[in-house]
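Have a look at the structure below before the remarks.
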Amino acid sequence: MSDESLLQFPCDFPIKVMGVGDSGFRALVVELVRQRAPDLDETRVQVRDSRAGRYQSVTVMVMARDRAQLDAIYQDLSRHPHIKLVL
């Protein structure tokens, strides 16, 4: 398995997280991402409600240091029961 990546670190990397929309979903996503990326700029977080308003997607732009950091963020987000999908 090749360790080469198409990404050049550090780089801006968008992470899209989807879950049931409620008032605390954005804060939950930011809190989980900030554990691995403490320098997260909250002005680079976008929230979008589904058409019916039942679900939300939160896109977080992370300044990724390396692949290990991104993998850890994805694992943390994927494990949380309120999060349905991480892209």
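The values are calculated or read from the model by the stated rules, or taken from the named source; none is laboratory data. All values derive from a computational prediction rather than experimental measurement. As a convention, Cβ positions derive from the backbone with ideal geometry for all residues, glycine included, and neighbour counts pool all protein chains shown.
Just a few scattered comments:
- Answer residue from region 10-33, given it is within 14 Å of ALA64 (Cα to Cα) and not hydrophobic (A, V, I, L, M, F, W, C) and is surrounded by the fewest Cβ atoms within 10 Å (Cβ to Cβ) among those: ASP12
- For region 15-72, a residue qualifies if it is in contact with a Cys (Cβ under 6 Å, 6 or more places away or on another chain) and β-branched (Val, Ile, Thr), but none of them does.
- When SER78 is tested against (1) surrounded by 12 or more Cβ atoms within 10 Å (Cβ to Cβ); (2) closer than 15 Å to PHE13 by Cβ, exactly one condition is not met: (2).
- The single condition from (1) modelled with pLDDT of 95 or more; (2) among the β-branched types (Val, Ile, Thr); (3) in contact with a strand residue (DSSP E or B) (Cβ under 8 Å, 6 or more places away or on another chain) that VAL20 fails is (1).
- Per-region count, region 9-45, residues under 18 Å from ILE73 (Cα atoms), part of a loop (DSSP other than H, G, I, E, B) and not aromatic (Phe, Trp, Tyr): 6
- Selection within region 46-87 - outside any helix (DSSP H, G or I), over 14 Å from GLY19 (Cβ atoms) and within 12 Å of the chain's Cα centre (by Cα): GLN46, MET61, VAL62, MET63, ALA64
- Residue match in region 34-49 (condition: under 19 Å from LEU7 (Cα atoms), basic (Lys, Arg) and surrounded by 12 or more Cβ atoms within 10 Å (Cβ to Cβ)): yes
- Within region 50-75, if we keep just the residues that are of a type in the set (A, V, I, L, M, F, W, C) and surrounded by 15 or more Cβ atoms within 10 Å (Cβ to Cβ), the residue that is nearest to GLN35 (Cα to Cα) turns out to be ILE73.
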